[in-house]
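First the structure, in the form of structure tokens, and then the observations on it.
The values are calculated or read from the model by the stated rules, or taken from the named source; none is laboratory data. In this text the structure is predicted, and so the values were computed from the model without any measurement. Neighbour counts are summed over all protein chains in view; Cβ atoms, including those assigned to glycine, are modelled from backbone coordinates with ideal geometry.
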Amino acid sequence: MATETFHGWVGKDASAKDGNLVYEEFQPKRWEETDVDIEITHCGMCGSDLHTLSGGWHEPEFPYVVGHEIVGRAVRVGSQVKHVKVGDRVGVGAQSDSCGECEFCKNNNEPLCDKFVQTYDSRHLNGDRTRGGYADHARVPGGFVFNLAPYPNVPSEILAPMLCGGITVFSPLKRHGAGPGKKVGIIGLGGLGHFGVLWAKALGSDEFVVISRSKSKESDAKKLGADRIIATNDEPDWATKYAGSLDIIVNTADSTTMPFAEYIGLLRPLGTLVQVGAPEGNMPSFNGFSLLMKSRSIAGSILGSRAEIKEMLQLANDKGVNTWANPYPMSKVNDAIKAFNRAEARYRIVLINEKNAGSE
């Protein structure tokens, strides 16, 4: 049944980033007949959650309810929402609204809309603050609520992290041609990077390589399906040994001191490096001739469209793609944050709301 009292784990000050969220009541957006209320069963933990709570990207605006990899049941559906009914399993990713009228919205590029609304750390089009999924319920504009009925083979625990982490890597891989005939490199084997290997394999790329600082994760990389790992700290000659060997590189790293120029050198002529990691500072500099002489490109990518999310979920459903999910009870969210900060996610922490998940 629908509820008008929302409770969740609230970040009230900067200590929240260290695992000091407080369970209390919070105010959802004012109800509109375009909305869906979701009884949350699962919510993935994304690096964006901690960047937001720490103020790493901008001055924080406390209080926060973070979390934008939400799966649950629709318990209230506005009269103008036609693709979801009460009781459906539904999901919400990092975007919860857009204008719907601009050239980008009309061409399956709604993340580029000037009125992009984040699922948290933003404001709805009606001016209310957005609230995320570390909670018992969420109220979200229906246009960005996915009916998950077409994906019965993907359990909620596996699916939730795909709604942000998964699509962040799937979209650039798909848009830049990953598939048969292409050799793909994924920089960083973490929450985003592990998805990169999974999608590169599912898309049928000829070769997929993990680029990491050491070989400590080589076993994981191979289990995920990677052909090999380039260890930049363990192989002094890596930049020359593997130069010009990859068609597409997706860079999930967010360090401001990464060897960016050398990463570019790994591209074949006409190759593209896509940056998806978001550093808390400026990117390292590089010499422009590394692009000019081989007609290489650098691109950026943020999330993916609703159409791409559906395509990604269908691929996961059909190919049996499985997030490496590390479950925590939502009541232990502060322990989960501490584990995340200790780099123990391996590779996506998923909060399971014990109150709601049992009847899923």
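Structure notes:
- Residue within segment 219-228 that is assigned to a strand (DSSP E or B), surrounded by fewer than 24 Cβ atoms within 10 Å (Cβ to Cβ) and without any contact (Cβ under 8 Å) to a residue 40 or more places away in the chain present: yes
- Criterion: hydrophobic (A, V, I, L, M, F, W, C) and over 15 Å from the mean Cα position of the chain (by Cα) - qualifying residue of Cys164, Cys99: Cys99
- Any hit, segment 52-59, residues being of a type outside the set (A, V, I, L, M, F, W, C), over 17 Å from Met330 (Cα atoms) and in contact with a strand residue (DSSP E or B) (Cβ under 6 Å, 6 or more places away or on another chain): no
- A single entry from Leu292, Leu351 fulfils the requirement of being among the hydrophobic types (A, V, I, L, M, F, W, C) and closer than 23 Å to Val154 by Cβ: Leu351.
- Condition check for Ser15: modelled with pLDDT of 95 or more, small (Gly, Ala, Ser) and either closer than 20 Å to Asp128 by Cβ or part of a strand (DSSP E or B) (or both): no
- Filtered residues of segment 185-202 (kept if among the aliphatic types (A, V, I, L, M) and in a loop (DSSP other than H, G, I, E, B)): Leu189, Leu192
- Qualifying residue in segment 241-255 (condition: charged (D, E, K, R), in a loop (DSSP other than H, G, I, E, B) and within 23 Å of the chain's Cα centre (by Cα)): yes
- The lone exception for Ile264 - which of (1) outside any helix (DSSP H, G or I); (2) within 18 Å of Ala178 (Cα to Cα); (3) of a type outside the set (D, E, K, R); (4) in contact with a helix residue (DSSP H, G or I) (Cβ under 6 Å, 6 or more places away or on another chain) it fails: (1)
- Every residue from segment 305-333 that is at negative phi and in a loop (DSSP other than H, G, I, E, B): Ser305, Val321, Asn322, Thr323, Trp324
- Residue match in segment 45-68 (condition: within 17 Å of Phe146 (Cβ to Cβ), charged (D, E, K, R) and within 16 Å of the chain's Cα centre (by Cα)): no
- Residue match in segment 321-341 (condition: in the same structural domain as His68 (by TED's automatic domain parsing), modelled with pLDDT under 95 and either farther than 19 Å from Glu39 by Cβ or surrounded by fewer than 21 Cβ atoms within 10 Å (Cβ to Cβ) (or both)): no
- For the condition in a strand (DSSP E or B), surrounded by fewer than 19 Cβ atoms within 10 Å (Cβ to Cβ) and assigned by TED's automatic domain parsing to the domain that holds Ala149, Pro269 does not qualify.
- Qualifying positions in segment 148-161 - under 14 Å from Ile349 (Cβ atoms), of a type in the set (A, V, I, L, M, F, W, C) and in contact with an Asp or Glu (Cβ under 9 Å, 6 or more places away or on another chain): Ala160
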